[in-house]
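The values are calculated or read from the model by the stated rules, or taken from the named source; none is laboratory data. Only a predicted model underlies this, so the values are computations on that prediction, with no experimental measurement involved. All Cβ positions, even for glycine, are placed from backbone atoms using ideal geometry, and neighbour counts span all protein chains on display. Each accessible area value is taken on the protein alone, full model and side chains, heavy atoms only, with ligands, DNA and RNA left out. Shrake-Rupley method; radii C 1.70, N 1.55, O 1.52, S 1.80 Å.
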Amino acid sequence: IKATLRRLVLGSESSDVLVVYFAGHALVPSWSHGTDLYLVTPGLAEQALSDDPEAGLRMAFLTRDVLQHFKGASLLILDCCQAGRSATFGGVDLVSVGGRDDPRHGVLAACAADEYAREDPDAEHGVFTRRVLDGLLGAAADAHGEVTFETLSGYVRGQVFEDVAGHLLDVV
């Protein structure tokens, strides 16, 4: 995964769009004192990370070696626990559209840094994933029928809050 992402970055052009979508588990190793978030990919050996922190798909890798060097626009969509830990790019909050330093990059995160992502037993995946898919299929379209980062993030935020208010969610 890391090698493929690096190849994409090195060959990117300013007109390219990179979408990294991850739905699954994340972990913060105890040795990192809460500073490192890893996306749990097949074959990840958590015990090996303390000796070789680069052995897994680390959010620092995505930020430092992928997003910061990608020449085009990028969107990181994370449906995993503690996804909000990834909501900064170069120290700038990416969730708040108006606060983004570089409008070419965006993050949609299923939950805050210290929260759990929610599951939807009927859909057999995360509530966040369901809402992102609904939005991409047109529910988040603007008056011109286009889905933008702003319309998608606004739609997902509103729908997930409705789900919470309706008690659809269970903490994983």
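Residue-level check: of (1) more than 29 Å from residue 120 (Cβ to Cβ); (2) among the hydroxyl-bearing types (Ser, Thr, Tyr); (3) out of contact with any Lys or Arg (no Cβ under 8 Å at 6 or more places or on another chain); (4) open to solvent by 40 Å² or more (accessible area, probe 1.4 Å), residue 21 misses just (1).
Of the residues making up region 68-103, those that are crowded, with 17+ Cβ neighbours inside 10 Å, modelled with pLDDT under 85 and touching a Ser or Thr at 6+ places or on another chain (Cβ under 8 Å) number 4. Identify, please: which residue in region 142-172 is aliphatic (A, V, I, L, M) and open to solvent by less than 40 Å² (accessible area, probe 1.4 Å) and is, among those, modelled with the lowest pLDDT? Only one residue fits best here, namely 169.
Of all residues in region 48-81, those satisfying the criterion of being touching a strand residue (DSSP E or B) at 6+ places or on another chain (Cβ under 9 Å), farther than 21 Å from residue 112 by Cα and assigned to a loop (DSSP other than H, G, I, E, B) are 56, 68, 70, 72. Going residue by residue through region 35-47, is there one that turns out to be assigned to a helix (DSSP H, G or I) and of a type in the set (D, E, K, R)? Among the residues of region 35-47, at least one is assigned to a helix (DSSP H, G or I) and of a type in the set (D, E, K, R), which makes the answer yes. When residue 56 is tested against (1) crowded, with 18+ Cβ neighbours inside 10 Å; (2) under 13 Å from residue 78 (Cα atoms), exactly one condition is not met: (2).
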